[in-house]
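This report refers to the structure that appears directly beneath it.
The values are calculated or read from the model by the stated rules, or taken from the named source; none is laboratory data. Just so we're clear, the structure is a prediction, and the values are computed from it rather than from any experiment. All Cβ positions, glycine included, derive from the backbone under ideal geometry; neighbour counts span all protein chains shown. Accessible surface areas use protein heavy atoms only, side chains included; no ligands, DNA or RNA. Shrake-Rupley method; radii C 1.70, N 1.55, O 1.52, S 1.80 Å.
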Amino acid sequence: MVVQVVRGAGGVQLAGDWEAIGWANRFLDHLVARAFSPATVRAYAFDLVSLARYLQLRSVRFSDLTAMDVFEWVQWQRTPVKAEGSVIPLRAGGAAVSTVNRRVAAVRSFYGFLVMAEHLSANPVPTVRRSEGLQPVARGLLGHLGQGRPRRGGRLLREPSRLPESLPLDEVGEFVRDLHTHRDRAIVLLMLLGGLRAAEVRGLLLPDVDQGHRRVRVVGKGDRERVVPVEGAFFAELAAYLRLERPPGLATVQCFVVLRGPTTGSPMTEAGLRSLFRRHRETSGAVRVRPHRLRHTYGTELASAGIDLLALRALMGHVSPDTTSRYVHLSVEHLAAEYTAARFQLQDRL
């Protein structure tokens, strides 16, 4: 049986004929016990499946994994698979750099768990040594405590630094106009005008919507809470959805639910949200509209308007200020105008 992720009563588990299935499921249970989010546990499960299929393909036992095996697994993930003259993303072939780094980090944590459980004596997954740079001399009464816990791990592959991919507002408008329900328009506007992630929209609860003050309470990554003000257009669509479309008498407190079919009244699922966007990309012709690009558009527009970076960081729920700073970039037109002005000043001095 091919190793795969299955959903059980206690969450996701691995099933198949891999000899490490038992340890992998104990590791996933360990993550649940540590209050990792269901989405994170699910991602770790699929990351372990990638490793398991590679080790089975190479006939390598999980307890015999070496650093060179890890690097070969990385190369295997990055190599596209050719079929019938075309390149298609079978198994893990052609995975993005960020995906490979995430999988390596998950597997490093898995083997760290095996070491902690005294099943292995050392973690075979290599780490990247990151320079701490020049550190100031520790002074004062608490100077002996140092600079805090050192950073560990790191990315095995270098990731290109790219600006967040925002969308032209006319393309977003085409997509919104193609939506047929108040629910769907409220979902898209919450991403565009509130910067919410797809999982945050699906997890939004009715008690966390403050229509009077036009703001929502969001539980984001790592169970970090934030309060986000949202424009009135969203609340107008939301009110119409709650009044006209949401089935009455539902026990679920999730704001957005399925409106038709056998699962009517159930909270919207990840697959359902993906299907919504895929369907309307095809019918509207706005093929670049995706949930996270709407969030990027929100951040880019606010940064372009000159919002304080600390405020933008709080609104978007970023942990690192470096993530927020990526939204602050100058347009080509602005750079050209500044260059032209500086060049004329230089010519006047010659």
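Numerical summary
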item: Stretch gain in nm, segment A122-E338, where the contour uses 0.36 nm per residue and the Cα spacing is subtracted; result: 72.2 nm
item: FRET efficiency, 1/(1 + (r/R0)^6) with R0 51 Å, evaluated for L244 and V32 via beta carbons; result: 0.85
item: Inter-label distance, nm, simple model (7 Å from Cα along the C-beta direction), L206/R226; result: 2.7
item: Additional length obtainable on full extension of the chain from R215 to S325, 0.36 nm per residue less Cα span; result: 37.2 nm
item: Potential lengthening between R61 and E301 on full extension [0.36 nm per residue; Cα-Cα distance subtracted]; result: 81.3 nm
item: Label point 7 Å beyond Cα of A236 along Cβ direction - residues of segment 289-309 with amide nitrogen under 19 Å; result: none
item: Accessible-area composition of segment 196-350, carbon plus sulfur, in percent [1.4 Å probe]; result: 56
item: Other-chain or far-sequence residues with amide H under 5 Å of L205's (modelled H); result: C255
item: Cβ-derived FRET efficiency at R0 30 Å, R288 paired with T181, nearest 0.05; result: 0.85
